[in-house]
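Asker: Pasting a structure below so you can have a look.
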Amino acid sequence: MRPSASPIILFVLFLSLAGCGRQFVEPGDMAELNVARSGEAFSLALGDEIPLEGSDLRIRFVLVLEDSRCPTGVECVTPGEASVVLRISDGQGQLSQLALSIPGLVPTPFDDNAFIFHRGYRFKLIQLDPYPTFGASIDTNDYRVRLIVTP
């Protein structure tokens, strides 16, 4: 006669299998996670590139051109501003660059920033992180932009 598995072992096995939710991202899901949707805010770290869903555009955050925003912990005469450069490419190999700016001392995300029309699309910079702090320097690799792009 064959010995049966202990009820405790079966119970533990059941609990471990029941607790195994989806722990990984399937290859089909990766594209969804790495696509900017038109009209929705998305973020890019310096050097990152993302396609715009439903178009042949790819958007890359290439440079912080300037960051003169008034640091926290300081009273400034002007709020300053930050400017970034994006590289826009399309399916035909056309490349262009677009500079976007955001003022300092504004709430984030800054939805009141103006859209800039470029290559048939409207681009808006709504946030640049990290925000400068008095006495601290920002490592260039720590910058992230938050954008909205619409046709």
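The values are calculated or read from the model by the stated rules, or taken from the named source; none is laboratory data. Just so it is clear, the structure is predicted and the values come from calculations on it, not from any experiment. Cβ atoms come from the backbone with ideal geometry, glycine included; neighbour counts cover every protein chain shown.
Asker: Cβ-Cβ distance below 8 Å, separation of 6 or more or different chains: which pairs start in the range 113-125 with a residue that is touching a residue at least 12 places away in the same chain (Cβ under 8 Å) and within 13 Å of SER96 (Cβ to Cβ) and end on one that is among the aliphatic types (A, V, I, L, M) and in a loop (DSSP other than H, G, I, E, B)?
Answerer: Sorted first by the residue in the range 113-125, then by its partner, the pairs are ARG119/LEU57; TYR121/LEU57.
Asker: Follow-up. Output the number of residues of the range 78-108 satisfying the condition of being without any contact (Cβ under 8 Å) to a residue 12 or more places away in the chain and within 22 Å of the chain's Cα centre (by Cα).
Answerer: Qualifying residue count for the region: 2.
Asker: Something else now. Look through PHE123, PHE115 and report the one residue that is under 20 Å from the mean Cα position of the chain (by Cα) and under 14 Å from ARG58 (Cα atoms).
Answerer: Criteria check complete, one pass: PHE123.
Asker: Okay, next question. Has the range 63-72 got any residue that is within 18 Å of ARG122 (Cβ to Cβ), at pLDDT 95 or above and either touching a Gly at 6+ places or on another chain (Cβ under 6 Å) or not aliphatic (A, V, I, L, M) (or both)? Give the steps one after another, and end with the answer.
Answerer: Residues of the range 63-72 within 18 Å of ARG122 (Cβ to Cβ): none.
No, because not a single residue in the range 63-72 is within 18 Å of ARG122 (Cβ to Cβ), at pLDDT 95 or above and either touching a Gly at 6+ places or on another chain (Cβ under 6 Å) or not aliphatic (A, V, I, L, M) (or both).
Asker: Has the range 106-114 got any residue that is in a loop (DSSP other than H, G, I, E, B), surrounded by 15 or more Cβ atoms within 10 Å (Cβ to Cβ) and touching a Gly at 6+ places or on another chain (Cβ under 7 Å)?
Answerer: No, there is no match, as no residue in the range 106-114 is in a loop (DSSP other than H, G, I, E, B), surrounded by 15 or more Cβ atoms within 10 Å (Cβ to Cβ) and touching a Gly at 6+ places or on another chain (Cβ under 7 Å).
Asker: Shifting gears a bit: If a residue must be touching a residue at least 24 places away in the same chain (Cβ under 8 Å) and over 18 Å from GLY47 (Cβ atoms), how many such residues does the range 58-77 contain?
Answerer: Of the residues in the range 58-77, 8 are touching a residue at least 24 places away in the same chain (Cβ under 8 Å) and over 18 Å from GLY47 (Cβ atoms).
Asker: Moving on. Among PHE117, PHE123, which is the only one that is in a strand (DSSP E or B) and exposed (fewer than 12 other Cβ atoms within 10 Å of the Cβ)?
Answerer: Only one candidate passes the filter, namely PHE117.
Asker: Filter the range 80-103 for residues that are part of a loop (DSSP other than H, G, I, E, B) and modelled with pLDDT under 95 and give the result.
Answerer: ASP90, GLY91, GLN92, GLY93, GLN94, listed by residue number.
Asker: Counting only residues that are farther than 22 Å from CYS70 by Cβ and either in a helix (DSSP H, G or I) or not β-branched (Val, Ile, Thr) (or both), how many does the range 126-151 have?
Answerer: Number of matching residues: 3.
Asker: Hey, another quick one. Residue by residue through the range 38-67, note down the ones that are loosely packed, with under 15 Cβ neighbours inside 10 Å, at negative phi, over 15 Å from the mean Cα position of the chain (by Cα) and in a loop (DSSP other than H, G, I, E, B).
Answerer: Once the filter is applied, which keeps residues that are loosely packed, with under 15 Cβ neighbours inside 10 Å, at negative phi, over 15 Å from the mean Cα position of the chain (by Cα) and in a loop (DSSP other than H, G, I, E, B), the range 38-67 yields only ASP56.
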